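Structure record follows, encoded as structure tokens.
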Amino acid sequence: MTVGISILVLALLGYVIFRFNERSNPTPSRVTHNGPLEIAWTVIPALILVVIAVPSFRLLSDQLIIPAPDMTLKVTASQWHWNYGYPKPEGGFSFDSLIKEDKDLKPGEIRLLTVDNAAYVPVGKVVEVDVTSQDVIHSFSIPSMGVKIDAIPGRLNKAWFKAEQEGVFHGQCSNICGIDHAFMPIEIHVVSEGAYQAWLAGAKKQFAHADGVDVAETSQLKP
Ligand SMILES: [Cu+2]
């Protein structure tokens with residue numbers, strides 16, 4: 001489209017330059033206004049925008065439809081880290097996820113984006129993300145998952161993603177939330193179902209009642 005528009009505009013410019021220069025058009029037209037023409041070039045683009053708006057608005061509202069989730073991940077933002085909750089029945093635990101300091105980084109770990117405890121999700125599954133905050137407004141953003149949603153105290157915002165390949169995916173808080181806003185990275189490991197179950201079994205023991213937060217009921221909450 002860009003190439004096509006560029007060629008069209010260039011061709012029009014070329015036509016004006018050659019057709020209406022002083023030599024080939026010695027007595028130029030003195031017309032300055034043309035009512036019907038001006039109405040046409042206002043109304044026609046407006047109608048084109050209206051036509052484009054119909055599927056655009058449909059797409060916008062379709063984005064809000066969350067498919068039936070295979071699992072729920074509860075995300076609670078704090079100044080300045082994330083807490084991941086895995087509701088019952090599959091989990092029943094939650095844990096804090098804090099940035100890894102430079103001195104603790106292992107080879108291959110990305111500075112400012114690596115955390116001590118990453119969240120794990122299985123590949124190819126619909127993950128509903130329930131996002132809230134316990135202090136100020138943050139924003140949970142993982143660009144590669146197409147997720148960016150505000151974390152607001154006293155509210156539960158919902159988003160979802162379905163990771164189609166395994167790997168480590170990063171995000172960051174994207175709402176200025178205080179002095180360490182830039183240091184609350186998000187790290188999600190997308191793994192096979194088997195690896196996820198193995199991680200889940202270990203995490204259940206490691207994080208059992210670690211912080212006393214019960215996330216058993218969150219999956220029942222409706223927006
Ligand atoms: Cu934040």
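The values are calculated or read from the model by the stated rules, or taken from the named source; none is laboratory data. Everything numeric in this text was worked out from a predicted model, so none of it was measured. We place every Cβ from the backbone using ideal geometry, glycine too, and count neighbours over all the protein chains shown.
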| Per-region count, region 98-128, residues surrounded by 14 or more Cβ atoms within 10 Å (Cβ to Cβ), of a type outside the set (A, V, I, L, M, F, W, C) and more than 18 Å from VAL191 (Cα to Cα) | 1
| remark: Per the filter on region 129-138, residues surrounded by fewer than 22 Cβ atoms within 10 Å (Cβ to Cβ) and farther than 12 Å from ARG155 by Cβ are ASP135, VAL136
| said: Of the residues SER29, SER24, only one is assigned to a loop (DSSP other than H, G, I, E, B), modelled with pLDDT under 95, exposed (fewer than 10 other Cβ atoms within 10 Å of the Cβ) and touching a helix residue (DSSP H, G or I) at 6+ places or on another chain (Cβ under 9 Å); which? | reply: SER24
| query | List, please: which pairs have Cβ atoms under 8 Å, are six or more places apart or on different chains, and start with a residue in region 116-137 that is among the small types (Gly, Ala, Ser) and end with one that is part of a strand (DSSP E or B) and away from the ligand (no atom under 16 Å from the Cβ)? | reply | ALA118/VAL168; ALA118/ILE188; ALA118/HIS189; ALA119/LEU73; ALA119/ILE188; ALA119/HIS189; GLY124/LYS162
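One line per residue, one yes/no per condition, for (1) of a type in the set (Ser, Thr, Tyr); (2) farther than 30 Å from PHE207 by Cα; (3) touching a residue at least 40 places away in the same chain (Cβ under 8 Å):
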site: VAL16; (1), (2), (3): no, yes, no
site: VAL31; (1), (2), (3): no, yes, no
site: GLY35; (1), (2), (3): no, yes, no
site: THR42; (1), (2), (3): yes, yes, no
site: LEU49; (1), (2), (3): no, yes, no
site: THR76; (1), (2), (3): yes, no, yes
site: PRO89; (1), (2), (3): no, no, no
site: GLY92; (1), (2), (3): no, no, yes
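Any residue at all in region 193-206 that's under 16 Å from the mean Cα position of the chain (by Cα) and either modelled with pLDDT under 95 or crowded, with 17+ Cβ neighbours inside 10 Å (or both)? Give the derivation first.
Applying the first criterion (under 16 Å from the mean Cα position of the chain (by Cα)) to region 193-206 yields none.
Scanning region 193-206 turns up no residue that is under 16 Å from the mean Cα position of the chain (by Cα) and either modelled with pLDDT under 95 or crowded, with 17+ Cβ neighbours inside 10 Å (or both).
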| request: Determine whether region 45-66 contains at least one residue that is touching a strand residue (DSSP E or B) at 6+ places or on another chain (Cβ under 7 Å), at pLDDT below 95 and closer than 12 Å to GLU128 by Cα. | output: yes
| query | Within the group TYR120, TYR15, which residue is more than 25 Å from VAL168 (Cα to Cα) and among the aromatic types (Phe, Trp, Tyr)? | reply | TYR15
| query | Looking at region 73-177, what strands (runs of 3 or more DSSP E) fall wholly within it and have at least 2 residues that are within 15 Å of the ligand (Cβ to nearest atom)? | reply | 81-86, 93-97, 126-133, 138-142, 147-151, 167-173
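Among the candidates GLU187, GLU193, single out the residue that is away from the ligand (no atom under 11 Å from the Cβ), acidic (Asp, Glu) and within 16 Å of ILE99 (Cα to Cα).
Numbers: GLU193 fails: within 16 Å of ILE99 (Cα to Cα).
So the residue among GLU187, GLU193 that is away from the ligand (no atom under 11 Å from the Cβ), acidic (Asp, Glu) and within 16 Å of ILE99 (Cα to Cα) is GLU187.
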